[in-house]
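For reference, the structure discussed in these notes is given below.
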2 protein chains.
Amino acid sequence: MFRWRGIAPATTRKFLRPMLETNGPDFSKSDLLPVIAQDAETGDVLMLAYMNAEAYAETLQTGRVCYFSRSRKKLWRKGEESGNVQHVKAIFYDCDADTLLVKVNQVGGAACHEGYKSCFFRQIDPKTGTVTVIGERLFDPKAVYGK
Amino acid sequence: MFRWRGIAPATTRKFLRPMLETNGPDFSKSDLLPVIAQDAETGDVLMLAYMNAEAYAETLQTGRVCYFSRSRKKLWRKGEESGNVQHVKAIFYDCDADTLLVKVNQVGGAACHEGYKSCFFRQIDPKTGTVTVIGERLFDPKAVYGK
């Protein structure tokens, strides 16, 4: 396979790199950008939610993840009800500047409002389409959210 | 912390679990659902793209990830140009049934059209907003895509 490192001297790479660097996610593309939350320690993908520019700015400022709730149409400070906040360990954005990845320390261990560690607690068998719950519940949603 | 496992006997859990199981992602919520691709071996989040119902069905059938390109408005068989296809190792969907997670074997090692392993090759410093390229280029996009 063609390998960049094999042909480009360090000076060329240094020259090319700044072309890709910008000022972070581009909220002019969309008011809401998807955000992947990943457990900083285990690498587990915990959830996907959305941020607007205000939620993003608050997240940077506080070091705690703030999303924008599409259903409630307002800022969603993750963990504000359950206490299961997400502390930011690192933030990344993608090549198109329209998706964010946050590596987090998930307080309480469970990111999902259904009580699972990850929102992706159901696996699909590609051959049969059968769905299997693969996660263990860490808390009872009724006890935490009272509904 | 309240723990589900501490109070619910296995029979209760078995009874409750099927309530959460459905028939997979719900494309009636949106024609396009976001899909997180994660390296099955390393746990690295590689990219985020979208699937419509047709792309999802093809992915299950072939075992190779097929997205729907929002810019080209057609099925996007990942790797069709670069050869860097993604073999499906496992598929999951989230609590709201509106996001997919695919664990993949990324052929060629690089998922990003910019030549990086992951599309999330730029890190943001939360305190300063400074962007740093943290990935190493594995291939030269010009050599692979001819543009």
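The values are calculated or read from the model by the stated rules, or taken from the named source; none is laboratory data. From a predicted model like this one, the values you see are computed outputs, not experimental measurements. Methodologically, a virtual Cβ is constructed for each residue, glycine included, from the backbone with ideal geometry; neighbour enumeration extends over all protein chains shown. The area values use the complete protein model at the heavy-atom level, side chains included, leaving out ligands, DNA and RNA. Shrake-Rupley method; radii C 1.70, N 1.55, O 1.52, S 1.80 Å.
Could you check, for the stretch A:84-97, whether at least one of its residues is at pLDDT below 95, open to solvent by less than 30 Å² (accessible area, probe 1.4 Å) and more than 27 Å from B:I134 (Cα to Cα)? Yes, that holds for at least one residue. If A:Y67 satisfies every condition in (1) open to solvent by less than 20 Å² (accessible area, probe 1.4 Å); (2) more than 14 Å from the chain's Cα centre (by Cα); (3) more than 29 Å from B:A110 (Cβ to Cβ) but one, which is the exception? Of the numbered conditions (1) open to solvent by less than 20 Å² (accessible area, probe 1.4 Å); (2) more than 14 Å from the chain's Cα centre (by Cα); (3) more than 29 Å from B:A110 (Cβ to Cβ), the odd one out for A:Y67 is (2).
The residue list A:G129, A:G79, A:G108 contains one member that is surrounded by fewer than 17 Cβ atoms within 10 Å (Cβ to Cβ) and either within 15 Å of the chain's Cα centre (by Cα) or part of a loop (DSSP other than H, G, I, E, B) (or both), which is A:G129.
The rows are residues; the columns are (1) over 24 Å from A:E58 (Cβ atoms); (2) among the polar types (S, T, N, Q); (3) touching a residue at least 24 places away in the same chain (Cβ under 8 Å).
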{"position": "B:G83", "(1), (2), (3)": "yes, no, yes"}
{"position": "B:Q86", "(1), (2), (3)": "yes, yes, yes"}
{"position": "B:Y93", "(1), (2), (3)": "yes, no, yes"}
{"position": "B:L101", "(1), (2), (3)": "yes, no, yes"}
{"position": "B:G109", "(1), (2), (3)": "yes, no, yes"}
{"position": "B:G115", "(1), (2), (3)": "yes, no, yes"}
{"position": "B:C119", "(1), (2), (3)": "yes, no, yes"}
{"position": "B:K127", "(1), (2), (3)": "no, no, no"}
{"position": "B:E136", "(1), (2), (3)": "yes, no, no"}
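Look at (1) open to solvent by less than 50 Å² (accessible area, probe 1.4 Å); (2) facing chain A (nearest Cβ under 7 Å); (3) in contact with a Phe, Trp or Tyr (Cβ under 7 Å, 6 or more places away or on another chain); (4) of a type in the set (A, V, I, L, M, F, W, C) and you find that B:A143 fails only one, number (1). Selection of the stretch B:50-71 for residues being assigned to a helix (DSSP H, G or I), within 10 Å of B:L33 (Cα to Cα) and within 12 Å of chain A (Cβ to nearest Cβ) yields only B:Y56.
State yes or no: is B:G129 within 8 Å of chain A (Cβ to nearest Cβ) and in contact with a His (Cβ under 7 Å, 6 or more places away or on another chain)? Judged against the criteria, B:G129 is not a match.
A quick yes/no check of all residues on (1) over 30 Å from A:E136 (Cα atoms); (2) of a type in the set (D, E); (3) surrounded by 11 or more Cβ atoms within 10 Å (Cβ to Cβ); (4) at pLDDT 95 or above:
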site	(1), (2), (3), (4)
A:P9	yes, no, no, no
A:E21	yes, yes, yes, no
A:L33	no, no, yes, yes
A:G43	no, no, yes, yes
A:L46	no, no, yes, yes
A:M51	no, no, yes, yes
